[in-house]
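Participant: This structure is in structure tokens; I'll ask about it shortly.
The values are calculated or read from the model by the stated rules, or taken from the named source; none is laboratory data. Quick caveat: nothing in here was measured; it's all calculated off a predicted structure. No Cβ is skipped: glycine too gets one built from the backbone with ideal geometry, and neighbour counts run over all protein chains shown. Note: accessible area is taken over every heavy atom of the protein model, side chains too, but ligands, DNA and RNA are not part of it. Shrake-Rupley method; radii C 1.70, N 1.55, O 1.52, S 1.80 Å.
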Amino acid sequence: MSDGAIVKSLTEIRLAIIGLGYVGLPLAVEFGSKRPVLGFDINQTRIDQLRVGHDITLETEPEELKSAVHLQFSAQPEDLRGCTCFIVTVPTPIDRHKRPDLTPLLKASETVGRALKPGDLVIYESTVYPGCTEEDCVPILERHSGLIFNQDFFVGYSPERINPGDKAHRVTTIRKVTSGSTPAIADLVDELYNEIITAGTHKAPSIQVAEAAKVIENTQRDLNIALINELAIIFNKMGIDTEAVLLAAGSKWNFLPFRPGLVGGHCIGVDPYYLTHKSQSIGYHPEIILAGRRLNDGMGGYVVAQLVKAMTKHRILVHGARILVMGLTFKENCPDLRNTRVVDIVHELQDYHCQVDVFDPWVSKEESQHEYGLTPVDQPEVGAYDGIILAVAHQQFRDLGVEQIRRFGKPSHLLYDLKYLFPPQESDLRL
């Protein structure tokens with residue numbers, strides 16, 4: 001039977017979004033303002049919060065949730081049986097050995113597989129390595145549905161491009177890559193996303209091309225940041241201000257405006273490992289990508305080494321010193337703690353037997369404790385700290401101003417402005 005004869009038309013699609021996190025919820029809200037959508041998540045607490053208009057990720061405002069008049073929520077897998085198109089937006093993290101952890105993706109595929117019917121379509125948005133959709137996910141869909149791929153059901157891949165905390169670049173205003181398991185399915189997937197994507201779409205020639213495109217987007221950024229981090233290390237050894245160098249170089253029209261720093265989050269610090277995993281599985285050991293990853297993963301240790309050296313020079317006792325780390329999220333102005341590398345700084349300081357307080361008005365104490373065993377302080381103590389590290393560029397920290405921040409320090413303390421929040425003369429250390 002041909003795909004054109006069995007697949008539902010666009011008007012017949014009954015849509016489900018699987019996973020209502022940073023990616024899935026904004027997508028569900030946009031589609032839910034135009035067509036009936038079932039937003040599904042295994043976390044009942046999350047569902048209960050969304051039903052009363054509360055999004056703990058802060059990616060959607062209460063009024064946006066209200067505007068999605070066709071959106072319903074459920075944590076019951078049986079409710080998926082009434083749907084014909086399933087968009088999977090679950091996370092794809094790495095494990096402690098930096099290997100891809102496909103557990104959420106494969107579990108979601110099992111759930112969808114049990115709900116699949118002839119003519120249904122499954123679209124994956126989760127970041128994966130090239131080949132994962134058809135090699136890892138499709139067999140699970142077949143096994144749990146009893147259906148045959150590209151005969152009874154079909155798949156598509158359209159990688160997410162969500163930027164947490166970014167209110168300018170939203171799901172509808174970022175161009176979307178689409179693909180399908182057959183030409184007709186690729187057209188259908190592209191047509192579906194064009195209902196909501198005002199920036200337009202790019203239809204890739206295959207699912208593997210779309211998968212590869214996604215995974216190299218953040219690999220490229222990772223390597224660019226690694227280069228700037230290495231330059232910062234070199235310039236620090238030479239006594240040259242890195243930011244001043246970057247501003248001077250940035251006066252050329254084609255110089256890329258990357259800045260040094262910690263590289264965490266659910267994309268840039270993770271996606272390269274998906275590509276290197278696949279690369280190694282086919283017999284090629286990637287040199288440049290892994291070198292960039294090693295350098296970026298080591299920046300927390302480098303920052304602490306700089307601070308410890310400066311404290312020693314200023315005769316500030318390191319053992320037992322009180323250090324304030326301002327910021328815990330992986331980026332500014334959002335509550336996202338996924339794969340934050342600020343914890344590397346905290347753990348490294350603890351290895352030096354420092355007493356570390358973390359202050360971040362954006363994070364949930366419960367989530368921080370659950371994920372990293374850290375409970376942020378409600379408010380830093382005035383005059384209490386030997387060292388202060390500005391680790392995340394939250395607007396609240398900018399608004400505090402350097403004078404107020406320095407009041408948290410003892411009369412003799414060091415301020416490390418990791419994020420260039422203030423002019424160079426206002427801090428004692430910069431990356």
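Participant: State the number of residues belonging to segment 167-192 that are surrounded by 21 or more Cβ atoms within 10 Å (Cβ to Cβ) and over 16 Å from the mean Cα position of the chain (by Cα).
Facilitator: Looking only at that region, the number is 12.
Participant: Which residue is least open to solvent (accessible area, probe 1.4 Å), if the candidates are limited to segment 386-412 and must be of a type in the set (K, R) and either at pLDDT below 95 or more than 21 Å from Q350 (Cβ to Cβ) (or both)?
Facilitator: R406
Participant: Which numbered condition trips up T133, out of (1) touching a strand residue (DSSP E or B) at 6+ places or on another chain (Cβ under 8 Å); (2) part of a helix (DSSP H, G or I); (3) free of Cβ contacts under 8 Å to residues at least 40 places away in the same chain?
Facilitator: Among (1) touching a strand residue (DSSP E or B) at 6+ places or on another chain (Cβ under 8 Å); (2) part of a helix (DSSP H, G or I); (3) free of Cβ contacts under 8 Å to residues at least 40 places away in the same chain, T133 violates only (3).
Participant: Is it the case that V363 is β-branched (V, I, T), assigned to a loop (DSSP other than H, G, I, E, B) and in contact with a Leu (Cβ under 6 Å, 6 or more places away or on another chain)?
Facilitator: yes
Participant: Between a first residue in segment 62-78 that is aliphatic (A, V, I, L, M) and a second residue that is in a loop (DSSP other than H, G, I, E, B), which pairs have beta carbons less than 8 Å apart while being 6 or more apart in sequence or on different chains?
Facilitator: If the second residue must be in a loop (DSSP other than H, G, I, E, B), the pairs left are L65/G53; L65/D55; A68/S33; V69/S33; L71/S33; A75/D41; A75/I42; A75/N43.
Participant: Output yes when any residue across segment 269-281 is surrounded by fewer than 16 Cβ atoms within 10 Å (Cβ to Cβ), of a type in the set (A, V, I, L, M, F, W, C) and either under 23 Å from the mean Cα position of the chain (by Cα) or modelled with pLDDT under 95 (or both), and no when none is.
Facilitator: no
Participant: If I47 passes every condition in (1) open to solvent by 20 Å² or more (accessible area, probe 1.4 Å); (2) over 22 Å from I185 (Cα atoms) but one, which one does it miss?
Facilitator: Failed condition: (1).
Participant: If you don't mind, there's one more thing I want to ask. Here are some conditions: (1) in a strand (DSSP E or B); (2) open to solvent by 10 Å² or more (accessible area, probe 1.4 Å). I162 meets all but one. Which one does it not meet?
Facilitator: Going through (1) in a strand (DSSP E or B); (2) open to solvent by 10 Å² or more (accessible area, probe 1.4 Å) one by one, I162 breaks only (1).
Participant: Which pairs do you get when a residue that is assigned to a loop (DSSP other than H, G, I, E, B), found in segment 401-428, comes within reach of a residue that is open to solvent by less than 20 Å² (accessible area, probe 1.4 Å) and of a type in the set (S, T, Y), reach meaning Cβ atoms under 8 angstrom, with the pair 6+ apart or on two chains?
Facilitator: F408/Y385; S427/Y416; D428/Y416
Participant: Same structure, new question: Suppose the filter is within 23 Å of L290 (Cβ to Cβ), out of contact with any Leu (no Cβ under 7 Å at 6 or more places or on another chain) and modelled with pLDDT of 95 or more; does L102 pass it?
Facilitator: For L102, the condition - within 23 Å of L290 (Cβ to Cβ), out of contact with any Leu (no Cβ under 7 Å at 6 or more places or on another chain) and modelled with pLDDT of 95 or more - is met.
Participant: Then there's this: Open to solvent by 50 Å² or more (accessible area, probe 1.4 Å), without any contact (Cβ under 8 Å) to a residue 12 or more places away in the chain, out of contact with any Cys (no Cβ under 6 Å at 6 or more places or on another chain) and not small (G, A, S), is that true of Q208?
Facilitator: Criteria not met by Q208.
Participant: I'd like the residue in segment 375-385 that is open to solvent by 20 Å² or more (accessible area, probe 1.4 Å) and in contact (Cβ under 8 Å) with a residue 24 or more places away in the chain and, out of all such residues, is farthest from P164 (Cα to Cα).
Facilitator: Restricting to residues being open to solvent by 20 Å² or more (accessible area, probe 1.4 Å) and in contact (Cβ under 8 Å) with a residue 24 or more places away in the chain, the top hit is G383.
Participant: Looking at segment 219-238, I want the residues that are over 30 Å from S279 (Cα atoms) and have a partner that is open to solvent by 40 Å² or more (accessible area, probe 1.4 Å) with Cβ atoms under 8 Å, at least 6 apart or on another chain. Which pairs are those?
Facilitator: Close Cβ pairs satisfying both conditions: F235/D241; F235/V245.
Participant: Got at least one residue in segment 413-431 being surrounded by 13 or more Cβ atoms within 10 Å (Cβ to Cβ), acidic (D, E) and out of contact with any Ser or Thr (no Cβ under 6 Å at 6 or more places or on another chain)?
Facilitator: Yes, there is a match, as at least one residue in segment 413-431 is surrounded by 13 or more Cβ atoms within 10 Å (Cβ to Cβ), acidic (D, E) and out of contact with any Ser or Thr (no Cβ under 6 Å at 6 or more places or on another chain).
Participant: Scan segment 71-121 for residues that are closer than 20 Å to V138 by Cα, among the hydroxyl-bearing types (S, T, Y) and out of contact with any Ser or Thr (no Cβ under 7 Å at 6 or more places or on another chain) and report the count.
Facilitator: Residues in segment 71-121 being closer than 20 Å to V138 by Cα, among the hydroxyl-bearing types (S, T, Y) and out of contact with any Ser or Thr (no Cβ under 7 Å at 6 or more places or on another chain): 4 in total.
Participant: Among residues belonging to segment 240-262 that are free of Cβ contacts under 8 Å to residues at least 12 places away in the same chain and either open to solvent by less than 80 Å² (accessible area, probe 1.4 Å) or in contact with a helix residue (DSSP H, G or I) (Cβ under 7 Å, 6 or more places away or on another chain) (or both), point out the one that is nearest to G298 (Cα to Cα).
Facilitator: I240
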